[in-house]
Amino acid sequence: MSEERGRLAAYWERQQERLDELERKRALKLPAWRTRKRRRTLSVLVVLGDLVLIAGAVFYQTGETGAFLVCWLGGGLVAGGSQYLLRILTGKMSGGFSMRLDEREREMRHRVTYVSYQILMTLMLFAVLYGLLVPGPKGGGAMMACALLVTGSTVAVVILGWSLPDDDPEDFDEVTPA
């Protein structure tokens, strides 16, 4: 039993080292973009991309295949690309282990996670109602559920991107390229 615990502890340590290395690499990306203004711009782009996805689901329901494809692909690219950049700029708060965050970061992450969970549950309720009440082709409700699920899953990083203050440039003096 203790041998297995030792192996698990060693595995966990290797994973922590790997995550620390990834965080060091990510912290060096996009240094000129680490301002509140850039994060807010990306937050708005994520929300707009999500809204275009929702519009695409409506177009699918109405049978407008061309508009659906344009909205679905365009919204996915805008929302996905902006969210990817925003996750880099929000750093470890959006995707790291809770034990790697300081008290302020942990509290903010918990608040944001709670709010985004509540919003996601509300969006899923709308998806169910949409699927039940709006007539149209088979799968239209599923398309709306997908669009609203994507929207709900981006809420946490959007809130962090909007509300975090500018990064302190001195914080990045400690980070050295590996």
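Quickly run through the range 52-67 and pick out the residues that are in a helix (DSSP H, G or I) and without any contact (Cβ under 8 Å) to a residue 60 or more places away in the chain.
If we filter the range 52-67 for residues that are in a helix (DSSP H, G or I), which is where we start, we get 52-62, 65-67.
Passing the criteria: V52, A55, F59, T65, G66, A67.
Can you spot a residue in the range 134-147 that is of a type in the set (K, R), open to solvent by 80 Å² or more (accessible area, probe 1.4 Å) and more than 30 Å from L22 (Cα to Cα)?
As a first pass, look at the range 134-147 and keep what is of a type in the set (K, R): 138.
Still in the running and open to solvent by 80 Å² or more (accessible area, probe 1.4 Å): 138.
Right, trim to more than 30 Å from L22 (Cα to Cα) and you get 138.
Scanning the range 134-147 turns up at least one residue that is of a type in the set (K, R), open to solvent by 80 Å² or more (accessible area, probe 1.4 Å) and more than 30 Å from L22 (Cα to Cα).
Counting only residues that are free of Cβ contacts under 8 Å to residues at least 60 places away in the same chain and not hydrophobic (A, V, I, L, M, F, W, C), which one in the range 21-38 is most open to solvent (accessible area, probe 1.4 Å)?
Residue satisfying both the conditions and the ranking: K37.
May I ask you to say which residue of L73, L53, L69 is of a type in the set (A, V, I, L, M, F, W, C), at pLDDT 95 or above and over 20 Å from the mean Cα position of the chain (by Cα)?
L69
Assuming T41 fulfils every condition listed in (1) of a type outside the set (D, E); (2) closer than 30 Å to G136 by Cβ; (3) open to solvent by less than 90 Å² (accessible area, probe 1.4 Å) apart from one, which condition is it?
(2)
The values are calculated or read from the model by the stated rules, or taken from the named source; none is laboratory data. What you are looking at is a predicted structure, and each value in this text was computed from that prediction instead of being measured. Every residue, glycine as well, gets a Cβ built from its backbone with ideal geometry; the counts of neighbours run over all protein chains shown. Areas reflect the complete protein model, heavy atoms only, side chains present, ligands, DNA and RNA absent. Shrake-Rupley method; radii C 1.70, N 1.55, O 1.52, S 1.80 Å.
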